[in-house]
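Below is one structure, written out as structure tokens; the observations come after it.
The values are calculated or read from the model by the stated rules, or taken from the named source; none is laboratory data. Keep in mind that this is a model prediction, so the values were computed, not measured. All Cβ positions, even for glycine, are placed from backbone atoms using ideal geometry, and neighbour counts span all protein chains on display. When the accessible area is computed, the model is the full protein with side chains, heavy atoms only, and any ligands, DNA or RNA have been set aside. Shrake-Rupley method; radii C 1.70, N 1.55, O 1.52, S 1.80 Å.
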Amino acid sequence: MSLAEEFLHTDDLHPIDIVETLAEHHAWNFDRITEDQIAMAVEGQWRTYSITLAWSAQDETLRLICTFEMEPPEKRMGELYETLNKANDMCWAGAFTYWAEQRLMVWRYGLVLAGGQVAGPEQIDRLITAAVSSAERFYPAFQLVAWADQTPAQAMNVAIAEAYGRA
């Protein structure tokens, strides 16, 4: 049965309800924080990523934030930001940023569903997979810049190919 078939007989499809069903389907640990927000842990090759999805009815946007802790040395922050720019140039959906105060590397994306549009389970599953794949693809580059004193150009050599697999 496809993921969409599970929702065929439902009139009221809340995006976070779909995410919760996906989390159960994939056996991800999750916590339904509010009616409009869910947080989960998704295991990757390099680490476990914290993923939060939140629905904003006001602007009809499903927001995804995928984070992992990172505490780079202060002296490497310029190079890390340069690496973030290079990574973002290679990402067509979503973008990285570093939240220094929280010490988190963040990949974020907003899916606009204006006009009463509904995101299907396959679309949301692909969104989550894209977040984890992007984090997996660029995680080694961020680490090499922060801890191995590599230049952004050198570090990005490990992120040339797209990461494939399942989140």
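Here's the yes/no breakdown for (1) closer than 30 Å to residue 144 by Cα; (2) crowded, with 16+ Cβ neighbours inside 10 Å; (3) hydrophobic (A, V, I, L, M, F, W, C); (4) modelled with pLDDT under 95:
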site: 6; (1), (2), (3), (4): no, no, no, yes
site: 15; (1), (2), (3), (4): no, yes, no, yes
site: 32; (1), (2), (3), (4): no, no, no, no
site: 40; (1), (2), (3), (4): yes, yes, yes, no
site: 45; (1), (2), (3), (4): yes, no, no, yes
site: 52; (1), (2), (3), (4): yes, yes, no, no
site: 62; (1), (2), (3), (4): no, yes, yes, no
site: 77; (1), (2), (3), (4): yes, no, yes, no
Legend entry - segment 112-133, residues that are among the hydrophobic types (A, V, I, L, M, F, W, C) and open to solvent by less than 20 Å² (accessible area, probe 1.4 Å): 113, 119, 124, 127, 128, 131, 132
Inset, instruction - Check segment 117-124 and report whether any residue there is part of a helix (DSSP H, G or I) and small (Gly, Ala, Ser). - result: no
Legend entry - Failed item, numbered, when residue 21 is tested on (1) free of Cβ contacts under 8 Å to residues at least 24 places away in the same chain; (2) farther than 14 Å from residue 108 by Cα; (3) of a type in the set (Ser, Thr, Tyr): (1)
Inset, instruction - Answer yes or no: is there a residue in segment 126-134 that is without any contact (Cβ under 8 Å) to a residue 60 or more places away in the chain and among the basic types (Lys, Arg). - result: yes
Inset, instruction - Working carefully through the options 48, 52, 61, 83, find the one that is closer than 16 Å to residue 128 by Cα, hydroxyl-bearing (Ser, Thr, Tyr) and over 14 Å from the mean Cα position of the chain (by Cα). - result: 61
Legend entry - Filter result for the condition that a residue is farther than 28 Å from residue 38 by Cα and at pLDDT below 95, over 146, 161, 119: 161
